[in-house]
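Any read-out appearing in this document is the output of simple, stated calculations on the displayed coordinates, not a laboratory observation. All values derive from a computational prediction rather than experimental measurement. Note that each Cβ is placed from the backbone with ideal geometry, even for glycine, and that neighbours are counted across all protein chains shown.
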Amino acid sequence: MKVAIVHEWLTVIAGSESCFKEFAQIYPEADIFVLVSDEESVKKLGINPSRVTNSFIQKLPKARTKWKSYLPIFPFAVEQFDLSSYDLIISSSHAVAKGVITNANQTHICYIYSPIRYAWDLYHQYLDESGLKKGIKGFFAKLILHYIRRWDRATANNVDEFIPISRYIEKRVWRTYRRKSYDVIYPPVNVKDFTLKEVKEDFYLAASRLVPYKKIDLIVEAFSLMPERKLVVIGDGPEFSKIKKKAKSNVTLLGYQKFEILKDHMQRAKAFIFAAEEDFGIIPIEAQACGTPVIAYGKGGSLETVNGEFVGEELNEDHSGIYFQKQEVSSIVSAINYFENNSSIFVGKKIRNFALKFDREIFIEKAKNAFEEIVKKRIQ
């Protein structure tokens with residue numbers, strides 16, 4: 001069986017690249033197709049660059065650093081890949097990878113992180129943050145995104161089976177494409193890289209890239225109202241200066257830190273705080289792998305990656321965290337106070353056991369079985 005794997009870009013290594021890496025290892029002879037790649041990133045993923053075919057965008061100015069500037073031609077570029085000789089196509093898609101052209105004799109499985117966020121769910125937020133709500137530039141941006149929405153929905157017919165990363169994304173796939181999914185397979189987490197520490201210290205931890213949707217600023221503001229409680233923030237990004245101005249003496253911003261330092265803080269923190277609405281969210285699982293409970297915004301992937309209850313609801317020792325209702329400072333403060341009153345309920349070993357269900361080995365086994373089953377059904 002001849003296999004092709006399609007991914008949007010290999011210029012940075014993030015959550016979707018960890019899934020793509022496993023697909024490339026499940027099928028070590030597969031050819032890889034991407035819009036644009038950086039050889040250094042490809043090698044970091046343990047992939048021979050000779051396996052990778054780039055689109056024509058690779059040759060355009062500053063493509064490896066400013067690839068998102070070429071968004072209007074992404075759909076056209078991905079359609080230029082000639083995959084007609086392949087039996088199985090696996091698209092690893094959060095933008096346009098699923099739009100490759102296939103034929104009736106092929107099997108196309110899409111492992112989907114989300115339908116194109118900035119064209120669908122985050123459309124208005126994207127225009128607002130990019131300053132494209134008004135004016136000539138705004139008009140053309142809206143026109144392009146309108147075209148991409150139409151193209152995105154039409155190309156859903158190119159996919160034989162969708163495999164979403166969470167129930168949350170499964171619902172989004174149905175709403176956007178009116179397509180039922182094969183099944184949910186959660187992304188791989190290197191749970192075994194983290195070790196349990198049951199004795200916790202008197203501080204809370206937040207860690208992520210400091211960008212607006214992560215809402216780290218709300219967490220810092222919440223602790224400004226609780227000077228008796230300590231917060232450590234790990235991560236860097238465009239919001240760093242803004243967040244630093246809001247931080248009081250009980251908040252420590254460490255900026256970017258190496259893995260060992262992050263892990264050490266995860267192990268020692270009394271709880272990890274997560275305020276983003278994510279499609280899945282790997283870092284809360286890593287915290288739980290250390291036996292650390294999570295205080296999370298109760299929407300999106302957190303409802304699947306944290307075994308929690310909302311503030312005010314009854315907790316037991318099988319739970320691994322608490323949900324707060326709104327992305328608001330007052331809601332975070334209430335959740336922390338509720339946690340303080342119930343912290344003795346949480347059991348480190350049970351929290352870690354919950355995290356183990358997301359381990360990398362489970363992902364590999366489920367992905368292999370799913371691919372084989374889908375291909376077998378198609379052949380029959």
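Some points to look at:
- Mean residue ellipticity (222 nm) of the chain, computed from DSSP H runs ≥ 4 via -39,500 (n - 2.57), nearest 500: -11000 deg cm²/dmol
- Cα gyration tensor category, rounded, prolate or oblate, for segment 191-358 with a/c compared to 1.5: rounded
- Residue 33 long-range amide H proximity, modeled H, under 5 Å: 5, 6, 7, 53
- Cα-based reach from residue 21 at 19 Å (exclusive), listing lysines while leaving out same-chain residues under 8 positions away: 2, 43, 44, 98, 192, 366, 368
- Neighbour counting of Cβ atoms within 10 Å sorts the residues 19, 110, fewest neighbours leading, into 19, 110.
- Relative contact order for segment 244-309, counting Cα pairs under 8 Å that sit 6 or more residues apart, in percent: 30
- Inter-centroid distance (Cα atoms) of segment 189-256 relative to segment 288-337, Å: 16
- Segment 274-355, Rg to Rh (Cα coordinates; Rh as Kirkwood inverse mean 1/r): 0.93
- Amide H within-cut-off set for residue 179, under 5 Å, with H built and near neighbours excluded: 174
- Residues 81, 203, 259 in ascending order of nearby Cβ atoms (within 10 Å, fewest first): 259, 203, 81.
- When only alpha carbons are used to place a centre, segment 155-179 and segment 1-30 end up 19 Å from one another.
- As a proxy for reagent exposure, 277, 129 were ordered by neighbouring Cβ count within 10 angstrom, fewest first; the result is 129, 277.
- Cut-off under 5 Å, modelled amide H: who pairs with residue 2 long-range: 87, 88
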